[in-house]
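Input: a single structure, listed below in structure tokens.
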Amino acid sequence: MNISIIVTDQNDHKPKFTQDVFRGSVLEGVLPGTSVMQVTATDEDDAINTYNGVVAYSIHSQEPKDPHDLMFTVHRSTGTISVISSGLDRERVPEYTLTIQATDMDGDGSTTTAVATVEILDANDNAPVFDPQKYEAHVPENTVGHEVQRLTVTDLDAANTPAWHANYRILEGDDGDHFTITTHPESNQGILTTRKGLDFEAKNQHTLYVEVTNETPFVVKLPTSTATIVVHVEDVNEAPVFVPPSKVVEVQEGISIGAPICTYTAQDPDKGNQKISYHILRDPAGWLAMDPDSGQVTAAGMLDREDEQFVRNNIYEVMVLAADDGSPPTTGTGTLLLTLMDVNDHGPVPEPRQVTICNQSPVPRVLNITDKDLYPHTSPFQAQLTQDSDIHWMAEVSEKGDTVALSLKKFLKQGMYDVHLSLSDHGDKEQLTVIRATVCDCHGHVENCPEPWKGGFLLPILGAVLALLFLLLALLLLMRKKRKVKEPLLLPEDDTRDNVFYYGEEGGGEEDQDYDITQLHRGLEARPEVVFRNDVAPTFIPTPDQDYDYLSEWGSRFKKLADMYGGGQDN
């Protein structure tokens, strides 16, 4: 048998909030009914079969009680906190503290409390206001980017937020767009500066009206604040201004020195009667002069349109200066552009001026003709050879008239020659040019003369060297031959005694001890100087009763000794 025991719940637990402090936020000025946040509490008792675990929420208190004590409400079952009254103003009350109460048994049981903090967020419900609203400033004329005035505003909205940052706009008084105003990122001030230079002579005072708003629109309709700025323009000594700033004048090149070209003057923007003086500031070629009082420009040098160093596209540029006598003095500049008109002052010249040509079946050399002048002072050109150059040479201008062919019509030896070529343009301007012509020993066309063979002068040198070598060889052979000729081994018989004395002076061997050597000492006082010779065999002194025939067996050199001392006969 099964027995079921049902335990009946008793309200023995209080509700518990999930947080001790709940935080939320809401924009100021919102309408009633706007949800702010939700609080939550739990109860371990039974909330299904009984009311022990059913929690009911309520607001126990509100601080501060401004503008009244019922600004918020909480939903009894869900714990959602909402705005119940209008009038939330962050600038008045930035934060509210609510004491929330949770009671079980659907509001009739145990109670627990928690804190809910509501932050009032800023909305752009306050317009920035100028403080002060009237300004007066002084600005020197002609200055650009000059700070005129700083404008100050106050805004009750939260600092450094879009609802606090100011935007400035000039409403009236700046018809010429001379001013601009920006916002300082830190101080929120409006900085008024000049966009263009102000002109005291044209307008010496400007009255500006400036409006200020915020980066974000107002959440409610609010009036905007405006400020009035009176700007006084201060007079300064302004520089003279050339009229026009750049002046174009046509003038013929080559005009005589001192001839007038133009008058170029400046105007003084100041109202006073100041004297203006003129000077040339930059004249690259030194061709011009300028009268300091009248500003008249005259020629001080020969104007040359073809001078490529100073003239570009027929224009010669000069900068002039105008200075007033104000305090302090000021200066202004102007540009004078002289368009130089061409005259026929340059004759045609050929290029190149050095040519190489063969003296046999020569190919003509074509020369280009150039003329610095402009049409009609250029082609067609005419050519003529002068100073007897036409005896051996010939010059022909092409059909177009812009080239000339130079050719050799008579044979010339190889060498360098001067050809006098006179060219004239369509305006009969004549120019003589000397062409340096190199004539080569060759046929047809040639760029450079072939190098002549340079071995002719080497032949005598080679012959002398060979003769010297032959002479040295002959000397060497002669010396070698002398070395091979041998002197006779034995001296003539009439001089045998001296030889015996020469080689026997130191004595012989044991067989010579009994020889009477005193007989050989005759004439010692007149004996010749002893000379040691390696190519002559020594002469042996015979001893009595000794056989010398065996010397014949030693060879031909000793055979004569054997015959002399052995008693034999010479073959």
Taking the criterion of being in contact with a Pro (Cβ under 8 Å, 6 or more places away or on another chain), crowded, with 16+ Cβ neighbours inside 10 Å and either over 16 Å from P348 (Cα atoms) or without any contact (Cβ under 8 Å) to a residue 24 or more places away in the chain (or both), would at least one residue in the range 402-409 satisfy it? yes
Restricted to the range 175-198 and to residues being in contact (Cβ under 8 Å) with a residue 40 or more places away in the chain and among the small types (G, A, S), the residue surrounded by the most Cβ atoms within 10 Å (Cβ to Cβ) is G190
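How many residues does the range 439-457 contain that are modelled with pLDDT of 80 or more and assigned to a loop (DSSP other than H, G, I, E, B)? Steps first, answer last, please.
We begin by selecting, within the range 439-457, every residue modelled with pLDDT of 80 or more; these are 439-449.
Then drop every residue that is not assigned to a loop (DSSP other than H, G, I, E, B), which leaves 445-449.
Qualifying residue count, the range 439-457: 5.
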Evaluate the range 297-304: report whether one residue or more is in a strand (DSSP E or B), open to solvent by less than 40 Å² (accessible area, probe 1.4 Å) and in contact with a His (Cβ under 7 Å, 6 or more places away or on another chain). no
Here are the criteria: (1) loosely packed, with under 13 Cβ neighbours inside 10 Å; (2) touching a Leu at 6+ places or on another chain (Cβ under 7 Å). Tell me which single one E141 does not satisfy. (1)
Checking T265, T335 in turn, the sole residue that is among the β-branched types (V, I, T), in contact (Cβ under 8 Å) with a residue 40 or more places away in the chain and surrounded by fewer than 17 Cβ atoms within 10 Å (Cβ to Cβ) turns out to be T265
Hits in the range 105-124 (condition: more than 60 Å from the chain's Cα centre (by Cα), open to solvent by 30 Å² or more (accessible area, probe 1.4 Å) and closer than 30 Å to V220 by Cβ): E119
Sole exception among (1) under 30 Å from D291 (Cα atoms); (2) part of a strand (DSSP E or B) for V355, by number: (1)
Looking at the range 161-170, can you tell me whether even one residue there is modelled with pLDDT of 90 or more and out of contact with any Asp or Glu (no Cβ under 9 Å at 6 or more places or on another chain)? no
Among the residues of the range 365-376, is there at least one that is open to solvent by 60 Å² or more (accessible area, probe 1.4 Å), more than 47 Å from the chain's Cα centre (by Cα) and of a type in the set (S, T, N, Q)? no
Only listed residue being over 30 Å from R90 (Cα atoms), surrounded by fewer than 16 Cβ atoms within 10 Å (Cβ to Cβ) and touching a Phe, Trp or Tyr at 6+ places or on another chain (Cβ under 6 Å), chosen from E250, E172, E201: E172
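Could you tell me how many of the residues in the range 280-296 are assigned to a strand (DSSP E or B) and either hydrophobic (A, V, I, L, M, F, W, C) or surrounded by 14 or more Cβ atoms within 10 Å (Cβ to Cβ) (or both)?
So in the range 280-296, the residues assigned to a strand (DSSP E or B) come out as 280-282, 288-290, 296.
Filter once more, so that each one left must be either hydrophobic (A, V, I, L, M, F, W, C) or surrounded by 14 or more Cβ atoms within 10 Å (Cβ to Cβ) (or both): 280-281, 288-290, 296.
So the count comes out to 6.
Within the bounds of the range 310-317, is there any residue that is more than 30 Å from D371 (Cβ to Cβ) and either open to solvent by less than 20 Å² (accessible area, probe 1.4 Å) or assigned to a strand (DSSP E or B) (or both)? Steps first, please.
Going residue by residue through the range 310-317, those that are more than 30 Å from D371 (Cβ to Cβ) are none.
Within the range 310-317 (the criterion being more than 30 Å from D371 (Cβ to Cβ) and either open to solvent by less than 20 Å² (accessible area, probe 1.4 Å) or assigned to a strand (DSSP E or B) (or both)), the answer is no, since none of the residues qualifies.
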Touching a strand residue (DSSP E or B) at 6+ places or on another chain (Cβ under 8 Å), hydroxyl-bearing (S, T, Y) and surrounded by fewer than 13 Cβ atoms within 10 Å (Cβ to Cβ): does that describe S277? no
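The values are calculated or read from the model by the stated rules, or taken from the named source; none is laboratory data. The shown structure was predicted, so the numbers you read here are calculated from the model rather than taken from an experiment. All Cβ positions, glycine included, derive from the backbone under ideal geometry; neighbour counts span all protein chains shown. Remember, those area values only see protein heavy atoms, side chains included, never the ligands or the DNA or RNA. Shrake-Rupley method; radii C 1.70, N 1.55, O 1.52, S 1.80 Å.
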